[in-house]
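Read the structure below first, then the notes.
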Amino acid sequence: MRSNPLAGFFTADAAAILGAQDRLAAADEPARARVVRPSPVPFLPGMRAAPEGLWSEPYFGPVEARDPAAWGVIELPRPVVHPGLVPAIAGVLGLRASEVWAVAEVRAWIDAEGRVRTPPGHPGVDGPYDTWLHEWPPHRFNEAMFRLEAEGDPTYGTRLAQWYAEKGIDAEAVVRDDESWRDEANANTGPAGLLGRLSARLGEEAAGRLFVRHVPVPPVPERPLERRPGGVFVAGARSGSLAALIDEAVYMQRMIEASPGLIGEHYHLLLVQRALRSVLAAWGAAEAPETFAAALPEAGGPTEVPLWPLPETHAELATPRTLAFVGPGRAVLDLRTASFEVDLTTGALARWWPSAGLTLMTWLEGHLIYFGGPAVSCFELARGRWTRGALPACVPYTFEEVEKLTFVIETATRRRHRLTVVAETVDLRVSPCARYRASRAGEGAVFRFDGEPQLPLELESESAPVMWPEGQLREPSERESSRLEETAWCDAGLHALVLCEARDAFRRVQDGGVVEGTRVLFRVPFAISAAAFDPAGGEVLLAGEAELWHVALDPEPRLLTRFDLRPLRAMMLGPEGRARPRADALNAALCRHGTLLGVGDVDEAELARLDTASTFDEAKPLGLRRARTLAAHAQQVEQAHELPRLRVPK
């Protein structure tokens, strides 16, 4: 690679970088014809690579004989700064390298005299507080808000002043600031601010050479695939960083076309800038631009009020949503408003607890881990209580939302990783160890928790046997297959995943069946709504609206037991018929009380005050007439003070 002038881009040598830039700009440079687009990794042997991707055979040669001299190029929507050219930029402008980076990352701007400026009260580009201009000042002063905070916490003013002092912030200057600086700052910050100042001194062409608009893509042998557990190959640090840069560049171009405004454009420009630094770090030419969360959020808990979207049918309130093994012969079944511990041998429901607004994900070291928005909630099973305050040490990561993007935050280090593909944490499904995740919609791939893709979720089109209620495993007839395609298997999606180390393969519950790698092991004749693997991946739970199945997978799939979920459904919804309250009324009651077991003992006036609207909508109290109907309905629940036992269906 070193013999090619483009290789100079992946160094810290300014002359070599400029030589690569000039070569990319040359009319005869063949790499310019190979603009690399986003593409999936060829995870498994034999997978075809995308025609314009990082492993394109027309660009980089056939798999069996990659061309060691074949280069591609990534086009960026806006110019960014190469770390190796920062000293050259600083020298021309008479600035320090730290000042150049501060302007490039929208933490400062260049004024009309060529000086680097920060807002009033700011500790400066080398100070202990690091933020960009669009988030200044921190804890913006508002007299009314300050008074309210102080009423709740008399020490608020003292603590805020202490925090300002620790960060080197001049509190008095912040209070006096009229933000008259903001227009000048917005017009003279970021790479564009640097480029404008350089153009005034060197001319546009000479200044443009000091910024990056095209990134060369080295030959495949310089960035080989790397093997991971599960029999898969991943992009690795070098190709992975290039793929991330392509994704950020494409996303930013779309945002520019959608006119996101100055803040949005600056934010996505920073993502592209940091992605370029990650690429160079993979070649040892720069430091990785790691970002860290300022603080970890505290553990959350269930809600007592309806959240959006509201259920439209009764079935949504009583259909299992997620499952988790919690030890040999024990599991937890999660509904929309409550969770139940199930004995998988006897079918007994040992206990229940409210979990409205949360989605069960897994069980780790005695804690059930739930996701709800960006918050992580933990239920300590042995003590039967929700964890409050700091997250338990067993929780490997939590989430943070910034500029409509979601980040995974490692709890041990506070390191942040961008959550691509999936924006809603409640739509995630994680492995029992929580190390791997995928989208509930069954799109994209299985990812490692830090964002590294592991395996595509696409399935081969093939026939598979069906496990029937009597435990028989056989191919469906043409008529049976047609019926199941229109009913049980029409709602595709992913419900559970696990890395089965004994098989060196990922197993998943997806598209109506159990999958190993890309092969469907078997399907079931009902619509799956929830599933879970044990930590070793040798057993699986499959639940639908009416049944819960416990299946052993090795050495051959076999049905261990089936349970009828209708008694649980009756406890949540009460008797069927026209007298059953509407879904919004039941949802409001169940959010507050978990099940109908205790609703019948609640005062009608209290029930009347239940809000049936979501937290996003205008309040809509249940009212006394509907409250009386709800109370009467709840009183009809059989065995009102006992949990039912799940039995084998007849």
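Okay, here's what the table says:
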quantity	calculated
Residue 281 vs. criteria surrounded by 17 or more Cβ atoms within 10 Å (Cβ to Cβ) and touching a Pro at 6+ places or on another chain (Cβ under 8 Å)	yes
Qualifying residue in the stretch 466-488 (condition: within 21 Å of residue 437 (Cβ to Cβ) and open to solvent by 30 Å² or more (accessible area, probe 1.4 Å))	no
The stretch 290-327, subset outside any loop (DSSP other than H, G, I, E, B) and out of contact with any helix residue (DSSP H, G or I) (no Cβ under 9 Å at 6 or more places or on another chain), residue most open to solvent (accessible area, probe 1.4 Å)	292
Per-region count, the stretch 186-219, residues open to solvent by 20 Å² or more (accessible area, probe 1.4 Å), closer than 28 Å to residue 54 by Cβ and in contact with a Pro (Cβ under 7 Å, 6 or more places away or on another chain)	1
Residue ID - least open to solvent (accessible area, probe 1.4 Å), chosen from residues in the stretch 6-40 that are under 15 Å from residue 85 (Cα atoms) and outside any helix (DSSP H, G or I)	11
Every residue from the stretch 216-238 that is without any contact (Cβ under 8 Å) to a residue 24 or more places away in the chain and on the phi > 0 side of the Ramachandran plot	236
Selected residue (criterion: farthest from residue 445 (Cα to Cα)) from residues of the stretch 493-504 that are of a type outside the set (Lys, Arg) and open to solvent by 60 Å² or more (accessible area, probe 1.4 Å)	502
Residue count for the stretch 458-511, restricted to those that are farther than 27 Å from residue 648 by Cβ and among the aliphatic types (A, V, I, L, M)	7
One residue from 592, 645 being basic (Lys, Arg), closer than 24 Å to residue 301 by Cα, modelled with pLDDT of 85 or more and in contact with a Leu (Cβ under 8 Å, 6 or more places away or on another chain)	592
Residue check for residue 201: in contact with a helix residue (DSSP H, G or I) (Cβ under 7 Å, 6 or more places away or on another chain), over 21 Å from residue 264 (Cα atoms), not small (Gly, Ala, Ser) and not in a loop (DSSP other than H, G, I, E, B)	yes
Elements of type helices (runs of 4 or more DSSP H) contained in the stretch 521-628, each with 2 or more residues being open to solvent by less than 30 Å² (accessible area, probe 1.4 Å) and out of contact with any helix residue (DSSP H, G or I) (no Cβ under 8 Å at 6 or more places or on another chain)	583-593
Positions within the stretch 244-284 being outside any loop (DSSP other than H, G, I, E, B), farther than 26 Å from residue 8 by Cβ, free of Cβ contacts under 8 Å to residues at least 60 places away in the same chain and aliphatic (A, V, I, L, M), in sequence order	255
Index of the failed condition, residue 213 passing every other in (1) basic (Lys, Arg); (2) touching a residue at least 40 places away in the same chain (Cβ under 8 Å); (3) over 23 Å from residue 27 (Cβ atoms); (4) outside any helix (DSSP H, G or I)	(3)
Tally of residues being surrounded by fewer than 13 Cβ atoms within 10 Å (Cβ to Cβ), free of Cβ contacts under 8 Å to residues at least 60 places away in the same chain and within 13 Å of residue 574 (Cβ to Cβ) across the stretch 629-650	1
From the options 431, 355, residue that is within 17 Å of the chain's Cα centre (by Cα) and open to solvent by less than 30 Å² (accessible area, probe 1.4 Å)	431
Pair list, Cβ under 6 Å, 6 or more apart: the stretch 575-603 residue of a type in the set (D, E, K, R), other residue surrounded by 20 or more Cβ atoms within 10 Å (Cβ to Cβ)	584/612
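The values are calculated or read from the model by the stated rules, or taken from the named source; none is laboratory data. All values reported here derive from a predicted model rather than from experimental measurement. Reconstructed Cβ throughout: ideal geometry from the backbone, glycine too, with neighbour counts over all protein chains shown. Accessible surface is based on the protein model in full, side chains and every heavy atom, while ligands, DNA and RNA are left aside. Shrake-Rupley method; radii C 1.70, N 1.55, O 1.52, S 1.80 Å.
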